[in-house]
Every structure is written in C-alpha cells, then in structure tokens.
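Structure first, then comments.
Bear in mind that the values in this text are calculations on the coordinates, not laboratory data. Everything numeric in this text was worked out from a predicted model, so none of it was measured. In this analysis, Cβ positions are derived from the backbone assuming ideal geometry, glycine residues included, and neighbour counts consider all displayed protein chains.
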Amino acid sequence: MNYKGVEYILTPVAPGVWKWQFQIGDKVVSGKTEARLNLLAIRRVQLRIDRELKKAARDE
C-alpha cells in the first residue's frame with residue numbers, strides 16, 4: 001500500500017493483531033498493532049508514517 005509516497009506492508013498475524021513495515025530513506029520501521037478492523041490498523045500505520053515523516057523533516 002502507499003501513503004504519502006511511502007510504501008508500507010500490513011499483514012494479519014493473528015485475529016486482531018497486525019504486523020506492519022515501511023521504509024523512509026534508509027530507515028526501516030516495523031512493528032505490530034492490535035485492531036479488530038483492518039481499516040483501523042491501516043489508520044494507525046498511516047499515523048506512524050506521519051510521525052516518522054515529521055521527524056525526518058526536522059532532522060534535515
């Protein structure tokens with residue numbers, strides 16, 4: 001999937017548990033989130049991408 005030019009992967013691990021991963025520049029960020037609905041899991045990953053993009057812009 002793509003959000004603001006950042007490709008990310010979201011896969012179900014168990015019922016209500018999702019594994020996600022994305023890369024910004026050379027930095028790979030990954031983790032897990034708990035959400036019953038896939039749309040909620042997607043939104044959480046997008047919020048994390050927003051945070052990482054903001055942090056990357058500050059560091060430049």
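Here are the numbers for this structure:
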quantity: Amide H contacts under 5 Å for Y3, placed H, 5+ residues apart; calculated: Y8
quantity: Under 12 Å, Cβ to Cβ, from L37 - net charge with Lys/Arg +1 and Asp/Glu -1; calculated: +2
quantity: Computed magnitude of the charge dipole of the chain (debye, nearest 20; Cβ of K, R +1, Cβ of D, E -1); calculated: 240 debye
quantity: Stretchable slack from E7 to N38, in nm (0.36 nm times residue separation minus alpha-carbon distance); calculated: 9.5 nm
quantity: Sum of side-chain charges, Q23 neighbourhood, beta-carbon under 11 Å (Lys, Arg +1; Asp, Glu -1); calculated: -2
quantity: The chain - mean residue ellipticity at 222 nm from DSSP helices (-39,500 (n - 2.57) per run, n ≥ 4, rounded to 500); calculated: -13000 deg cm²/dmol
quantity: Those aspartates and glutamates that a straight Cα-Cα span of less than 19 Å connects to K4, excepting residues fewer than 8 apart in one chain; calculated: D26, D50, E52, D59, E60
quantity: Sorted peptide list for 42-50, 8-16, criterion being average Cβ within 10 angstrom, highest first; calculated: 42-50, 8-16
quantity: Using distinct alpha-carbon pairs, which all enter the 1/r mean, Kirkwood radius of the chain in Å; calculated: 11.8 Å
quantity: Percentage relative contact order, the chain, counting C-alpha pairs under 8 Å, at least six apart; calculated: 24 percent
quantity: Dipole of the chain, positive direction: furthest Cα of L47, L37, I9, with charges on the beta-carbon; calculated: L37
